[in-house]
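Chemist: Shown below is the structure under consideration.
The values are calculated or read from the model by the stated rules, or taken from the named source; none is laboratory data. From a predicted model like this one, the values you see are computed outputs, not experimental measurements. Positions of Cβ are generated from backbone atoms using ideal geometry, with glycine treated the same way; all protein chains shown enter the neighbour counts. All accessible areas refer to the heavy atoms of the entire protein, side chains included, with ligands and DNA or RNA removed. Shrake-Rupley method; radii C 1.70, N 1.55, O 1.52, S 1.80 Å.
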Amino acid sequence: MTDIRKNIVDSLVTLNEENGNVYVVVVDSKTSSGLSHFADRFPNNFIELGVAEQNSIGVGAGIANEGGKVFIFGISTFLLYRAYEQIRSVVAYNNYSVTVVGMYSGLFYSDQGFTHRQVDDISAVAGLPNFSVYTPYTEERVNIAFKDAYKSNSPSYIRIENVFSERYSRTLEPYPSISNNIYTLYSGGNDILFISYGISVSRCIEASHELSLSGLNCSTLALNKINQELRDEYISIVNKYKKVVFVEEHLVHCGIGAIFSQWMATCKLNYIECEFVGVSEDYAENMSYEQAILFYGISPKQIVDKVLTGESYE
Amino acid sequence: MKYKTSTHDKQTANRIRKSIFSACFNGGGGHIASSLSMVEIIYSVFAHNKTDLIGNSLDFKKDRFLLSSCQGALALYSVMLELGEITDSELKNFLSLKSNLTMFPTKELAYSDMTSGSLGHALSLAIGMSLFHKSKGETYRNIYVVMGDGELNEGSNWEAIMAVSHFGLSNICLVVNNNGVQIDGANSDVMNISPLSEKFSSFGWNVNDVDGHSIDELQKTITNFTNKNSNKPTVLLAKTIKGNGVSFTVNEPSWHYKVPTEIEHQLAIKELS
């Protein structure tokens, strides 16, 4: 079974072996985050704080204050919201090199219900001062996100979605792509640009193949990093298309579609048609991950149908 | 309360209190009452051993100081003036545009290792600082945290109090400014936090009940901490009076945040002279 946590722990072990100074902080989340290998290998750099999210962010900030590079792991909703003030007023404001790793983001925990399901983290973090948001979509991009966050002297949030999804390990070619540490542009044509992140990127690629059979040539802009400073770079890509479809495992009213829409409006790109595929405000009862993807219309087939018919699955 | 403060200590404390009043008057803002109750605590932390002054340099020989109770900013700045770390003109510019002496201290200051402003954060930061150096084998660095008693309502503090003990961080010294009052009234009425001594003991701390207005007693207890006479983390429950030193500010809730009038300023200076 695919498990992206293996890539994560291997990245951290390599970073500490090659550069040192990596500190991993957990909140009774060593097992769920798959970090035992790091804990065994570097016990002095591994800090278990028990179920105490607020304390974890403060402790991470204290380590960063002294020069450590800190990665704090937990189930995303608990870590982000229980400790939001610490993240905002201690880490972000003081620009500490602390990376909050939001595990099991998106719809993964739909079976556990509202408390666990993380569909508004981009909204919560993207506006914080100094923060970069990483939304990796392949194994390689996961490694890049952790390396970038390590190199940065500023705080980061890394959004990890369904850790067991084989979509993280898919090859997303054959489209020609332009790639850097920030994004990949899979260029299949100028009719539609999908903008996505996380494992929804591979859903967009699948949808693009399907749509090409209907004569629509689609490209996908896969986002590995989001922050305000990247606006102009992203807008210069969007500007070449007439229709943009945002796809995300996030609330559509405050996710990447909303952020890009504001950027596009600011830059007066009013002529570009937008569609939004993601989580609506209709609360889904507890259901499996796969059921939740279908409930919100995020499967590749539903994306195709939405593009072709404009039909909403909300 | 029967003070054990010597004449020399009393004069020192009075000078600091005058600076607090004047800085608040000149700056047009500040938390006078909390600062007045913390004067001897902050002075004693910094001056318990004059050869071991605290700064925020990454030089591992230096200690750390975190003002968790951010309303003590004026006390911290005024103690720094007393110790020659800042100048008269710097304190006179408190709250002015571009001044580095802001309402609450920031980590950019040489004598502050955190940016204060919100309660319940410093002890967690102290744990991180301590664990970082422990991981490097540097266990001798002392970390001081000054916290308000009302601040102990914050649940985050109890997560941290538990963790300090769990990790055996005996290089952390927490001083609680135990003045018994918070914004909405007496601690016992707003949210009873007593008995603090028993609470800290049960969490595995070395507890010291001290007179928070006695420089002599505070300095001796802090020196005892620096001599590593306990393998547990140390807490000083420093009994103080909110607004101490000036008759009309003592336990008067309106002085939590209030700028003195010119007459009040003059009266306070006269009382402290």
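Chemist: R0 = 60 Å: FRET efficiency of A:Asp3 with B:Ser89, Cβ-based, nearest 0.05?
Modeler: Computed FRET efficiency for A:Asp3 and B:Ser89 comes out at 0.45.
Chemist: Taking 0.36 nm per residue of sequence separation and subtracting the Cα-Cα distance, how much length would be gained by fully extending the chain between B:Lys270 and B:Lys98, in nm to one decimal?
Modeler: 58.8 nm
Chemist: Shifting gears a bit: I'd like the orientation of helix A:4-18 relative to chain A: the angle between its Cα long axis and the longest Cα principal axis, in ° from 0 to 90, rounded to 10.
Modeler: 50
Chemist: Work from the charge dipole of chain B (Cβ charges, +1 for Lys and Arg, -1 for Asp and Glu, about the Cα centre) and give the residue of B:Asn227, B:Gly148, B:Tyr43 farthest towards its positive end.
Modeler: The Cα lying farthest towards the positive end belongs to B:Asn227.
Chemist: How large is the accessible surface of A:Glu210 in square angstrom, using a 1.4 angstrom probe and rounding to the nearest 10?
Modeler: Surface accessible to solvent at A:Glu210 totals approximately 90 Å².
Chemist: On the protein heavy atoms, probe 1.4 angstrom, tell me the percent of accessible surface of the range A:1-150 carried by carbon and sulfur.
Modeler: Its accessible area is 45 percent carbon and sulfur atoms.
Chemist: Using just the helices of the protein assembly as shown, give the 222 nm mean residue ellipticity in deg cm²/dmol: DSSP H runs with n ≥ 4 each add -39,500 (n - 2.57), and the total is spread over all residues, rounded to 500.
Modeler: -11000 deg cm²/dmol
Chemist: Report the convex hull volume per residue for chain A, counting only C-alpha atoms, in Å³.
Modeler: Normalising the Cα hull of chain A by residue number yields 121 Å³.
Chemist: Listed here are the pairs A:Lys151/B:Lys98; A:Lys6/A:Lys147; A:Lys69/B:Lys134; B:Lys199/B:Lys242; which of them are more than 21 Å apart at the Cα?
Modeler: Too far apart for the 21 Å limit: A:Lys151/B:Lys98; B:Lys199/B:Lys242.
Chemist: Now for a different question. Taking the Cα centre as origin and putting +1 on Lys and Arg beta-carbons and -1 on Asp and Glu beta-carbons, what dipole magnitude results for chain A, to the nearest 20 debye?
Modeler: 640
Chemist: OK, next. Could you run the Karplus curve 6.51 cos²θ - 1.76 cosθ + 1.60 with θ = phi - 60° over the range B:165-170 and give me ³J(HN,Hα) per residue in whole Hz, x for Gly and Pro?
Modeler: 5, 4, 8, x, 7, 6
Chemist: Using only Cα atoms, tell me the angle between helix B:32-47 and the longest principal axis of chain B; keep it within 0 to 90° and round to the nearest 10.
Modeler: On a 0 to 90 degree scale, this one is about 50.
Chemist: In nm, to one decimal, how far is the modelled label at A:Ser261 from the one at A:Asn95, with both set 7 Å along Cα→Cβ?
Modeler: 3.3
Chemist: Kindly sort A:Phe78, A:Phe146 by accessible area of their heavy atoms, largest first, with the probe set to 1.4 Å.
Modeler: A:Phe78, A:Phe146
Chemist: Going by average Cβ density within 10 Å per residue, which order do the peptides A:286-299, B:87-100 take, highest to lowest?
Modeler: Result, highest mean Cβ count within 10 Å first: A:286-299, B:87-100.
Chemist: Can you tell me the convex hull volume per residue for the range B:129-230, based on C-alpha atoms, in Å³ to the nearest whole number?
Modeler: Convex hull of Cα atoms, per residue: 101 Å³.
Chemist: Now for a different question. To make sure I understand the rule: partners must be lysines, Cα under 17 Å from the Cα of B:Lys220, and not fewer than 8 residues away in the same chain. Which ones qualify?
Modeler: Within reach: B:Lys4, B:Lys10, B:Lys50, B:Lys228, B:Lys239.
Chemist: In the neighborhood of B:Ile193, defined by Cβ-to-Cβ distances under 12 Å, what is the net charge if each Lys or Arg adds +1 and each Asp or Glu adds -1?
Modeler: -4
Chemist: With the cut-off at 21 Å, report for the range A:106-226 the share of all Cα pairs above it, as a whole percent.
Modeler: The calculated P(r) of the range A:106-226 puts 43 percent of pairs beyond 21 Å.
Chemist: Taking all protein chains in place and a 1.4 Å probe, what share, in percent, of the accessible surface of the range A:217-314 do carbon and sulfur account for?
Modeler: Result for the range A:217-314: 50 percent of the exposed heavy-atom area is carbon or sulfur.
Chemist: Right, something else. Given 0.36 nm per residue, what is the gain on full extension from A:Asn190 to A:His37 after removing their alpha carbon distance, in nm?
Modeler: Length gained, A:Asn190 through A:His37: 50.6 nm.
Chemist: Compute, for A:Asp305, the solvent-accessible surface of its heavy atoms (probe 1.4 Å) with the complete set of protein chains present, and express it in square angstrom to the nearest 10.
Modeler: Roll a 1.4 Å probe over it and A:Asp305 shows about 40 Å².
Chemist: Enter the accessible area per residue of the protein assembly as shown (Å², integer; probe 1.4 Å; all protein chains in place).
Modeler: Value returned for the protein assembly as shown: 38 Å² of accessible area per residue.
Chemist: Among the lysines, select those whose C-alpha is under 28 Å from the C-alpha of A:Lys268, and discard any that sit fewer than 8 residues away in the same chain.
Modeler: A:Lys225, A:Lys240, A:Lys242, A:Lys243, A:Lys306
Chemist: In square nanometres and to one decimal, what's the mean projected area of the convex hull around the Cα atoms of the protein assembly as shown?
Modeler: For the protein assembly as shown, averaging the hull's shadow over all directions gives 28.8 nm².
Chemist: Moving on to the next point. Which values, in whole Å and largest first, are the semi-axes of the equivalent ellipsoid of the range A:78-144 obtained as the square root of 5 times each eigenvalue of the Cα gyration tensor?
Modeler: Here the semi-axes work out to 21, 17, 9 Å.
Chemist: Please list, or write none, the aspartates and glutamates whose alpha carbon is within less than 19 Å of the alpha carbon of B:Lys258, excluding same-chain residues fewer than 8 places away.
Modeler: B:Asp184, B:Glu271
Chemist: Mind checking the angle between helix A:200-212 and chain A's longest principal axis? C-alpha axes, 0 to 90 degrees, to the nearest 10.
Modeler: That helix lies at roughly 20 degrees to the long axis.
Chemist: Given a Förster distance of 56 Å, report the FRET efficiency between B:Asn192 and A:Thr14 from their Cβ-Cβ distance, rounded to the nearest 0.05.
Modeler: 0.65
Chemist: Could you state the per residue volume, in Å³, of the convex hull enclosing the Cα atoms of the range A:155-237?
Modeler: About 95 Å³ per residue, rounded to a whole number.
Chemist: Here's something else I'd like to know. Just need the relative contact order of the range A:51-158 here, percent rounded to a whole number, with Cα pairs under 8 Å and 6+ apart.
Modeler: Contact order relative to length: 28 percent.
Chemist: How big a patch of accessible area, both sides summed and in Å² to the nearest 100, lies buried between A and B at a 1.4 Å probe?
Modeler: In total, chains A and B hide about 1900 Å² from solvent.
Chemist: May I pose another question? Taking the simple approach of a point 7 Å from Cα along Cα-to-Cβ for both A:Ser212 and A:Lys30, what is their distance in nm?
Modeler: Between A:Ser212 and A:Lys30, the simple spin-label model gives 4.7 nm.
Chemist: Then there's this: Going from most exposed to least, what order do A:Met264, B:Met103 have by accessible area with a 1.4 Å probe?
Modeler: Putting A:Met264, B:Met103 in descending order of accessible area: B:Met103, A:Met264.
Chemist: Spin-label point model (7 Å from Cα, Cβ direction): what's the A:Asp111 to B:Lys228 distance in nm?
Modeler: The answer from the label model is 5.2 nm.
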